[in-house]
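Laboratory data are not the source of any read-out in this text; all were calculated from the coordinates shown. Note that the structure is a prediction, hence the values are computed from the model and not measured. All Cβ positions, even for glycine, are placed from backbone atoms using ideal geometry, and neighbour counts span all protein chains on display.
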Ligand SMILES: Nc1ncnc2c1ncn2[C@@H]1O[C@H](COP(=O)(O)OP(=O)(O)OP(=O)(O)O)[C@@H](O)[C@H]1O
Ligand SMILES: [Mg+2]
């Protein structure tokens, strides 16, 4: 136990004294959060230009308060056929074309202005979900006070923060877990510390678990900071089973530590290992909707996205933290992440060579 | 009892036979030096004996135990300083040695004592990255000794030390050796081996060429002594006239006579009144080393 805490303490000290890793684990993602959550949502985002194709029953059904929010968010124009609407979006005359297809609201927009797209999409999704909740409340009779749901609609429709926090948090955790594992593995191998530790009467298990426990702890602190900042400054409000984010964060961390180990096993220097880890995680963050949603992306891109563990982590966290889903929504995600972690760890163990230096 | 028993040990890296059929015994309480040019296989030999690397053939017994695969019974009883300092990043010297102490279940107070003993008390709060090469080396040695091991391996412990630190370390190592600990070190300094070691093993190309006490090896070499006579004391012809002189060399610092009978030659110099400032150099371990391993550079 003394050995475990000594090694864990050494790793924690090494981490908090490393300005660069602290910056990339906490400050850098927080800057994104402030940017998306603060600058974009509150400081008078100009109304997006929306072309409405035909009748939109859903919009008509909005409660007066929600309707107000909708009108504030969009400058609405009406055209009668989809092609004209799409042409306007394509040429940049409009930001989004909206049509209703049965029970589904379909939004068409380009990805040229990603921020605008993200805002538009977040607002629309909030409206749809808000309406669903409102309708549900009506059907269930008077059990749920209507006013409460209306407030939610207004709240959600106005904050991008709800939708960017889980994704950015997923990215932050993935980056620091992967880089932490890669840098430790390669750094300790390079400096021969690994060999020196092999000569001390400490089990490998103790060393590995110290590293894992510290990384899990760092991920929880990142989560606390993110949610704290989001709630305190940007009006983030979490839904019912947000606490399921904790197991998601923990298993997600294991999953990305495994990727970091793979990066460490494939490279021969600490710098190369960190670069390799970054090279895996950063594109993955884009493909997993950490910075903007991929709902409007082409089919093939979404298929690739489904192969990314980060995509599942992000979706799982969105579900439980802001979409109001129950705890069970996180279970399949936990399974996917755990399986991914296991497979990648086994592959890394197979590829790892003590003697590569 | 023998602390280390190595038989017919071989370790191959690709084409290189880094250790090639080595036999070596180290008795309990002995102080043994391993000498050899760069790439001779000293580090590899030590690493295999410590149990860090798997031997390709042959046997190693340390303190009566097998060392490969990793044997937890041996580890607490040996202390190792690796050739490259191995530290936890961004810890201070004190945190560093306390961390190692904790791994061996040694109290922080004793860890701090060791900082003092290697003269790093003043640097206790400096990060390991900010230590000078010699200070880092001393910290690494302290980390190897913190749990008071029975058997100590030191790979070029004095490599980057200044003369003061080197002497202090000699004292420290002699001290722990006198307290009954067995010490095995590698070095490139012959004076160091002569002062410290009960026995030395000279290695080259993976083989142990000779083992013995420094005095034994020098005697065995039968090298001529060099006698330096101060300038102006003796002319060249006079020098050549002295019986038993093998060669004479006149330089700005004086005249150098080589001889296998230094006592006779010095007596004759006395009769000639040329003894002022005379210096006699007999064969050294360095001569032994060069005679055994040659003078060309090693890869
Ligand atoms: N990990 C390794 N992989 C491949 N070859 C190695 C490895 N380690 C050492 N060698 C080779 O084995 C030989 C012996 O190396 P070793 O480090 O044991 O020498 P040494 O006597 O300690 O030298 P030095 O005095 O420079 O420390 C050298 O030729 C070296 O190039
Ligand atoms: Mg060496």
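Side notes on the structure shown:
- When restricted to Cα atoms, the stretch B:173-299 yields an Rg and a Dmax of 18.4, 55 Å, respectively.
- Amide N of the stretch A:161-177 lying under 17 Å from the label point, which is placed 7 angstrom from the Cα of residue A:22 along Cα→Cβ: A:176
- Residue B:271 paired with residue B:121, simple spin-label distance in nm, labels 7 Å along Cα-to-beta-carbon: 6.0
- Of all DSSP beta bridges in the protein assembly as shown, antiparallel share, percent nearest 5: 60
- By DSSP, the beta bridges lying fully in chain B are antiparallel in about 65 percent of cases.
- Packing around the peptides B:103-112, B:42-51, taken as the average count of other Cβ atoms within 10 Å per residue, puts them in this order, highest first: B:42-51, B:103-112.
- The stretch A:43-109 and the stretch B:246-299: distance between their alpha carbon centers, rounded to Å: 102
- When each of the peptides A:12-23, A:265-276 is scored by how many other beta carbons lie within 10 Å of its residues on average, the order from highest to lowest is A:265-276, A:12-23.
- Average Cα contact separation per residue, the stretch A:156-288, under 8 Å, 6 or more apart, as relative contact order %: 48
- Average beta carbon contacts from partner chains per residue of A:197-209, 10 Å cutoff: 4
- Two-decimal log10 I(q)/I(0) for the stretch B:1-137, as the Debye equation yields it once each C-alpha is a single scatterer, q = 0.13, 0.17, 0.20 Å⁻¹: -0.71, -1.03, -1.17
- The calculated FRET efficiency for the pair residue B:191 and residue A:31, based on their C-beta separation and a Förster distance of 51 Å, comes to about 0.30.
- Per-residue shielding of B:95-102, expressed as the average number of other chain Cβ atoms within 10 Å of the residue Cβ, stands at 4.
- Listed residues B:28, B:235, B:20, most fluctuating in chain B (Gaussian network, C-alpha, under 10 Å): B:235
- Three principal axis extents describe the C-alpha atoms of the protein assembly as shown; from largest down they are 127, 51, 47 Å.
- Peptide A:6-14 has a mean shielding of 5, counted as Cβ atoms of other protein chains within 10 Å of each residue's Cβ.
- A Förster radius of 56 Å combined with the Cβ-Cβ distance from residue A:84 to residue A:272 puts the calculated FRET efficiency at roughly 0.60.
- Shape class of chain B from the alpha-carbon gyration tensor: prolate, with a/c at 1.5 or above and a/b greater than b/c.
- Distance between the 7 Å Cα→Cβ label points at residue A:72 and residue B:7: 8.8 nm.
- For the stretch B:1-19 versus the stretch B:191-227, the spacing of their alpha-carbon centroids is 21 Å.
- Part-to-part distance (alpha-carbon centres) for the stretch B:142-171 and the stretch B:50-127, which is given in Å: 12
- Taking chain B and dividing mean pair separation by its residue count, relative contact order in percent (alpha carbons under 8 Å, at least six apart): 20
- Summarising the label geometry, the points placed 7 Å from Cα in the beta-carbon direction at residue A:239 and residue B:23 lie 7.9 nm from one another.
- Projected-area mean, the stretch A:234-357, by convex hull of Cα positions, square nanometres: 8.9
- Peptide packing for B:264-273, A:303-312, B:86-95 was compared via the average number of neighbouring C-beta atoms within 10 Å per residue; ordered from the highest value, the list is B:86-95, A:303-312, B:264-273.
- Relative contact order computed over the stretch B:88-237 (Cα-Cα under 8 Å; 6+ residues apart), in percent: 16
- Helical runs assigned H by DSSP (4 residues or longer) give chain B a calculated mean residue ellipticity at 222 nm of -9500 deg cm²/dmol, each run adding -39500 (n - 2.57) before division by the residue total.
- Applying 1/(1 + (r/R0)^6) with R0 = 60 Å to the Cβ-Cβ distance of residue A:212 and residue A:60 gives a FRET efficiency near 0.65.
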